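Working notes, structure below.
The values are calculated or read from the model by the stated rules, or taken from the named source; none is laboratory data. Small disclaimer: the values here were computed from a predicted structure and weren't measured. Positions of Cβ are generated from backbone atoms using ideal geometry, with glycine treated the same way; all protein chains shown enter the neighbour counts.
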Amino acid sequence: MHSCLDSRESEEWSGYGTTRLLFLQWHLSWADMIAVAGAEAVSVCGGPKIPVQLGRLDSMAPDPEGKLPEESLDASALKQCFQRKGLA
């Protein structure tokens, strides 16, 4: 695989070329890559295999304020946030 990185940088960023190839060859979005990585992480940690359907589109704009919980919330506050949205 050809990469624009020199050999020293290639060792440090060995996944860069593979990731770039996936994006270009199969037109994967960042959203698809995150979903696949999450499913793989669950599997590697001994959890179930999670099938991932590809085809998500990346957004060019951020989510509206208040749609996602703040990253600084603790577990209790996260639970309350999702309960207010109707999720248990």
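Structure summary
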quantity	calculated
Selection count, segment 71-80, where residues are surrounded by 10 or more Cβ atoms within 10 Å (Cβ to Cβ) and within 26 Å of Met33 (Cβ to Cβ)	2
Residue match in segment 33-45 (condition: part of a loop (DSSP other than H, G, I, E, B) and modelled with pLDDT of 85 or more)	yes
Residue check, Pro62 loosely packed, with under 10 Cβ neighbours inside 10 Å, modelled with pLDDT under 90 and out of contact with any Cys (no Cβ under 8 Å at 6 or more places or on another chain)	yes
Only one of Leu28, Leu57, Leu68 that is touching a residue at least 24 places away in the same chain (Cβ under 8 Å) and surrounded by fewer than 13 Cβ atoms within 10 Å (Cβ to Cβ)	Leu57
